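Note sheet for the following structure.
The values are calculated or read from the model by the stated rules, or taken from the named source; none is laboratory data. For clarity, every value in this text was computed on a predicted model and none was experimentally measured. Backbone-built Cβ (ideal geometry, glycine too); neighbour counts: all protein chains shown.
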Amino acid sequence: MFEIQWTILFAAFILDFFLGDPVFLPHPVIYMGNAISFFEPRFRKIIKNVFLAGLFFAIFLIFSTWAISFVILKLAFMIHPMVFAGVQVVLLFFCFSSKSLEKAAMAVYVALKENNIHEARKKLAMIVGRQTESLDEAAITRASVETVAENFVDGFLSPLFFALIGGVPLALAYKMVNTLDSMVGYKNDNYLFFGRASARIDDAANFIPARLSVMVISISVVCFSFIKALSAFKTGFKEGRFHKSPNAGFPEASFAGALGVRLGGPNVYHGNLVEKPFIGKAFKDPGKEKIKQACDLMMASSFAATLISCFMAFVSQVIINTF
């Protein structure tokens, strides 16, 4: 349950690459969201200290996700090893979201290509947390590239990382961590204290993958341009730490270096102006074509990360079988 074959990793990547999030399959994140909505008022009612309520609420849901997936895989293994492998592939596939993010970002790109700024704002609002009503083309493009870069970690590299070190149950537990952060990890009156634990757990979970992303992005670029790979590496580690988020800045800065664009800057979130530093300060604002390039870079980085993980899983299995 805690080890994973390289074939499972590769098969899950292939499924995500070709299917994305198919509408004909029920996605586990939907059930995670339903569980969050169901248990939130109950924990608030049982535990009067708001921070502690949020802490135990997060721990309960994360552990429950791990335990349920563990039981499902245990039952699948008892049926047949092939069933076990198939269930692993499907569950891990659900943890990845590179293809669906590419489709969403490309919808913004298509709207901009058609000079439909209103439609571009609507499509962008579906994948970012900032307010999009007044954004111009440059701001829409920056936001699109930023969310593609950030979600390379959240939507692919982190679940891959946790699958590699703890199997599919740990990858699904991470998915619950990420879903909790997206639903309750806000700094507003309702979630400032209740959602703080969820936000901090998400920060801790993404700490290592975010920094590994700089190396993975640089490796994926080096096949095309050593100069761009070097820029991705240098910008990623030099400017990534200046971001307000402890993790998002690293993939964003690495994308900025690889694509030669300036990202970041102040934005409005939920009615509040948030001052964010610019990343890739030596570069210019991105043109709309950079959205497509960012999507290509994300998919190339996902493929590179998969190959590296498959190699590590294969070597690990050889060592285990030898000794």
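Just a few scattered comments:
- Output for the stretch 109-135, where each listed residue is touching an Asp or Glu at 6+ places or on another chain (Cβ under 7 Å) and of a type outside the set (Lys, Arg): 111, 112, 117
- Residue within the stretch 197-207 that is closer than 23 Å to residue 293 by Cβ and touching a residue at least 40 places away in the same chain (Cβ under 8 Å) present: no
- Screening residue 127 with (1) assigned to a helix (DSSP H, G or I); (2) touching a Leu at 6+ places or on another chain (Cβ under 9 Å); (3) more than 14 Å from residue 175 (Cβ to Cβ) gives one miss only, at (1).
- Count - residues of the stretch 67-97 that are assigned to a helix (DSSP H, G or I), within 15 Å of residue 27 (Cα to Cα) and touching a helix residue (DSSP H, G or I) at 6+ places or on another chain (Cβ under 7 Å): 9
- From the options 154, 136, residue that is touching a residue at least 12 places away in the same chain (Cβ under 8 Å) and under 12 Å from the mean Cα position of the chain (by Cα): 154
- Residues considered: 53, 12. Of these, the only one that is more than 25 Å from residue 153 (Cβ to Cβ), at pLDDT 95 or above and buried (at least 19 other Cβ atoms within 10 Å of the Cβ) is 53.
- Test: residue 253 is under 21 Å from the mean Cα position of the chain (by Cα), of a type in the set (Gly, Ala, Ser), modelled with pLDDT of 95 or more and surrounded by 22 or more Cβ atoms within 10 Å (Cβ to Cβ): yes
- Each residue in the stretch 164-204 was checked for being in contact with a Cys (Cβ under 8 Å, 6 or more places away or on another chain) and at pLDDT below 95, and 0 pass.
- Considering (1) more than 26 Å from residue 303 (Cα to Cα); (2) surrounded by 17 or more Cβ atoms within 10 Å (Cβ to Cβ), the lone condition that residue 47 does not fulfil carries the number (2).
- Among the candidates 143, 120, 210, 197, the residue that is over 20 Å from residue 69 (Cβ atoms), touching a strand residue (DSSP E or B) at 6+ places or on another chain (Cβ under 9 Å), of a type in the set (Gly, Ala, Ser) and crowded, with 17+ Cβ neighbours inside 10 Å is uniquely 143.
- When the test is whether a residue is in a helix (DSSP H, G or I), among the aromatic types (Phe, Trp, Tyr), at pLDDT 95 or above and surrounded by 16 or more Cβ atoms within 10 Å (Cβ to Cβ), residue 60 does not pass it.
- Scanning the stretch 275-306 for residues that are surrounded by 15 or more Cβ atoms within 10 Å (Cβ to Cβ), more than 15 Å from residue 99 (Cα to Cα) and without any contact (Cβ under 8 Å) to a residue 60 or more places away in the chain returns 276, 278, 279, 280, 283.
- Within the stretch 279-295, not a single residue is in a helix (DSSP H, G or I) and in contact with a His (Cβ under 6 Å, 6 or more places away or on another chain).
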